[in-house]
1. Arranged from highest to lowest average of other beta-carbon atoms within 10 Å per residue, in what order do the peptides 76-85, 16-25 appear?
2. Under a cut-off of 19 Å between alpha-carbon atoms, report the aspartates and glutamates in cross-link reach of Lys86, not counting same-chain residues fewer than 8 places apart.
3. Fewest Cβ neighbours within 10 Å first, please rank Met44, Met75 accordingly.
4. Arranged by the count of other C-beta atoms within 10 angstrom, fewest first, what order do Lys86, Lys12 take?
5. Just want to confirm a number: the relative contact order over the range 24-97, from Cα pairs under 8 angstrom separated by 6+ residues, in percent.
6. What translational diffusion coefficient, to the nearest whole µm²/s, does the chain have by Stokes-Einstein, given a Kirkwood radius computed over alpha-carbon pairs, a temperature of 37 °C and 0.692 mPa s viscosity?
7. If you take every DSSP beta bridge whose two residues both sit in the range 24-97, what share of them, in percent to the nearest 5, is antiparallel?
8. So how far apart, in nm, are the two label points at Lys62 and Ile19 if each is 7 Å from Cα heading toward Cβ?
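Every read-out reported here was derived from the displayed coordinates using simple, explicitly stated rules and does not represent laboratory data. All values reported here derive from a predicted model rather than from experimental measurement. Glycine gets a Cβ as well: all are built from the backbone with ideal geometry, and neighbour counts include every protein chain shown.
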Amino acid sequence: MPVRKSNELSLKEALEGLIHDFGLRGRLDEQAVRAVWPEVAGAMIARHTLKLDLRNGKLTVKVDSAPLREELHYMRSAITELLNRKLERQVVVEIRIA
């Protein structure tokens, strides 16, 4: 394996730097949550989800059913854990149900 000079970056390091510099981490995280939401929450909940909004680690989930809203309220910690496990890092700190 060739020796890297001290001012060289791997492609991963360069991309992470660009994502950070351009402030894209939040948007990329939100898209990642949207992509895995049906798998984590289940097809039925995903069908009734109107909006997912991730801001500063707080995921707001808007659903079209009051009983489902109540059920999701009790499942918040489990869903948070599943999302973070699926995304392989802590993206969601708190879930708010609307």
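1. Going by the mean number of other Cβ atoms within 10 Å, highest first, we get 76-85, 16-25.
2. Asp29, Glu30, Glu39, Asp53, Glu94
3. Listed from fewest to most nearby Cβ atoms, that is Met44, Met75.
4. Exposure proxy ranking, most exposed first: Lys12, Lys86.
5. The value is 33 percent.
6. The Stokes-Einstein estimate is 219 µm²/s.
7. Within the range 24-97, antiparallel bridges account for around 60 percent of the total.
8. Going by the 7 Å Cα→Cβ label model, 2.7 nm.
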